[in-house]
Each structure stands twice: as structure tokens, then as C-alpha cells.
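The values are calculated or read from the model by the stated rules, or taken from the named source; none is laboratory data. On a predicted model such as this, the values are computed, not experimentally measured, just so you know. Backbone-built Cβ (ideal geometry, glycine too); neighbour counts: all protein chains shown.
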Amino acid sequence: MDRSNRVSAFLMLWLLICVGASPLTMVVHTSSKVGLPAVLPCTVAYQLETAHTPHIQWQTIRDSVFERMGEELFQGEAYIDRADVPEEMLMRGNCSLFLRDVRFSDAGTYESYLVVGESSIKKRVFIQSVQLAVIDHKTIKSMKPGEELILDLYTHQAEQVIFQNNDDDTSWSVLWERGAGISKKDYPKERDDKLIFRSVTASSAGTYKVLDSQGLALSTMKVAVTEPVLVKETNTLQRHSALGKATMSMPPLSLITLFLSFHVMFFK
Ligand SMILES: *[C@@H]1O[C@H](CO)[C@@H](O)[C@H](O)[C@H]1NC(C)=O
């Protein structure tokens, strides 16, 4: 055993002790909204006197996710172009995994490992376990007639937008489909992963859902379309409120929506 071998053996031992003694051996829980980036935290005590960056692996129970060994990197099949541990961060001992455009199928437990040793005697040292939850988007919007409604698709995973009117609790209509290329007057315009609906009316009030290819809801947006109402009129309307199912969750808005639907019914 020459001197340099002894030094590297010592370094390896030191690494094992450092990593083994790391306080981060518990599971960390993190959550991300679907379509957005996620950072899965990880730190590794790594002595940077050596010239090369640590060799890091991230995996789930089923798949390899990401591996970086110096400039070489590997991305698992489901993570192509979406996973990274930036090298300059890794140099500073930050082995956090960056995931882009998070999918529902990314939810689960991830583990990071440090690979140490020379080719023949490689050893994997467990660093960190991270539980990732992926959640959908939920928004409530209150608008005035004539305004432009912007619906965020968030991600290229969005395949379809469906809509249900407030007065109707059974049927959903399809408002948009990816690549359908329809240019009807009331078909929404698509711009930067957003849909733009021109000039909302009372009948635009309801629930909008953005679905992925599996039919799972990436986002749900509830839209109320309200007109400025005089206080007196609100009082008279209160008597009708028993008719409105949605009254419980959003009293002032649903009253106004109710007013608008009456308005539409009587003046159509
Ligand atoms: C590692 O980098 C990520 C992303 O920049 C950051 O959020 C995190 O706080 C860093 N961790 C440490 C321990 O510095």
C-alpha cells in the first residue's frame, strides 16, 4: 500500500463516518404541485480537498432516477430531461434532486446514495430518504362580465379542459383539447400554457377542470361571474337562497350568481 492509497483509504473511511453520522437519516416529506418543479433535499458531508465531485445516485423503489459521476450523468427513463443534481451545487455538498414538470406518477419515496471507492471496491452509502407528494391545483376566481378569463394549463401534461355550469351538476362539456386546432369564435386561444377565454358572461360561471392523459384533474378552477349588485337587491334575493345549493360554501358570491342566473332565465 503506497502513500496515496493509504490517503484515499483514510478518506473513504472518513466519508463513511461522516455520512453515517449525518443527522439527516430520517425521511423528509416534501410536496409539489403537479407541473411545477420540485426540490428533494439532500446534503452530504464531503471533503472537497479531492478534485472530483462526489458520485451521487437517486432512486425510487422501482426505478433509477438520476446519477451523477463528475460530468457524466444518467437519467432514468421516466425522468429524461426532468431530473438533475447540478454539479456546482454538488461541489458544495448539496445533493438535492431537482425535478421539472412534476407528474402524479412521480409521487413516492426517493433515496439518495453516495458511491465511494475505486471501480473494483465500490460501495454505496445511504444518504437521504425523501417522500414526495404531488398535489393538484385549486383556485377560485371572481370575475365581472366582459373580463378575460385566463386558465392556466401549468404543464404540457394538460390534454383536455372540461366545464360544468353552476346550475348543472351532472354534465361536463369539453372546452378545449390539445392539438385539436379548432378556430371557432368562442374556442379559447392558447398562449404559453394558458387558455384565454374572451369576455366572460353569466353562463361562464362554473367549474373548469384541466385533465391529463389519464383523465386525472391537474387543476380545478371555480369561477363566479358577478355584477355589481345594490345592497337592497341582495336582501330581496336572500329569500330565494334556499334554491341555491352552493350557498353554504360561498354565500355572497352564490347569491349574486343566483341573481345572474335568474336574470339570464327571465331575460333570455
Ligand atoms: C440545496 O439547494 C437547494 C436549491 O438551491 C436549496 O433549496 C437548499 O436549501 C440547499 N441545501 C442546502 C443545505 O444548502
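So, in segment 90-113, exactly how many residues are within 16 Å of the ligand (Cβ to nearest atom), outside any loop (DSSP other than H, G, I, E, B) and either under 14 Å from residue 64 (Cα atoms) or in contact with a Cys (Cβ under 6 Å, 6 or more places away or on another chain) (or both)?
Count: 4.
Residue check: is residue 60 within 15 Å of the ligand (Cβ to nearest atom), at pLDDT 95 or above, within 30 Å of residue 159 (Cβ to Cβ) and not aromatic (Phe, Trp, Tyr)?
No.
Okay, residues lined up against (1) within 15 Å of the ligand (Cβ to nearest atom); (2) at pLDDT 95 or above; (3) touching a helix residue (DSSP H, G or I) at 6+ places or on another chain (Cβ under 9 Å); (4) hydroxyl-bearing (Ser, Thr, Tyr):
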{"position": "4", "(1), (2), (3), (4)": "no, no, no, yes"}
{"position": "10", "(1), (2), (3), (4)": "no, no, no, no"}
{"position": "14", "(1), (2), (3), (4)": "no, no, no, no"}
{"position": "33", "(1), (2), (3), (4)": "no, yes, no, no"}
{"position": "45", "(1), (2), (3), (4)": "yes, no, yes, no"}
{"position": "68", "(1), (2), (3), (4)": "yes, no, yes, no"}
{"position": "84", "(1), (2), (3), (4)": "yes, yes, no, no"}
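Name the residues in segment 24-44 that are more than 11 Å from the chain's Cα centre (by Cα) and either closer than 17 Å to residue 217 by Cα or outside any loop (DSSP other than H, G, I, E, B) (or both), would you?
The answer is 27, 28, 29, 30, 39, 40, 43.
Which ones in segment 131-165 are in a loop (DSSP other than H, G, I, E, B) and polar (S, T, N, Q)?
Passing the criteria: 155, 157.
Working only within segment 114-130, note down all residues that are in a strand (DSSP E or B), modelled with pLDDT under 95 and either farther than 12 Å from residue 58 by Cβ or not polar (S, T, N, Q) (or both).
Listed by number, the residues that qualify are 114, 115, 116, 123, 124, 125, 126, 127.
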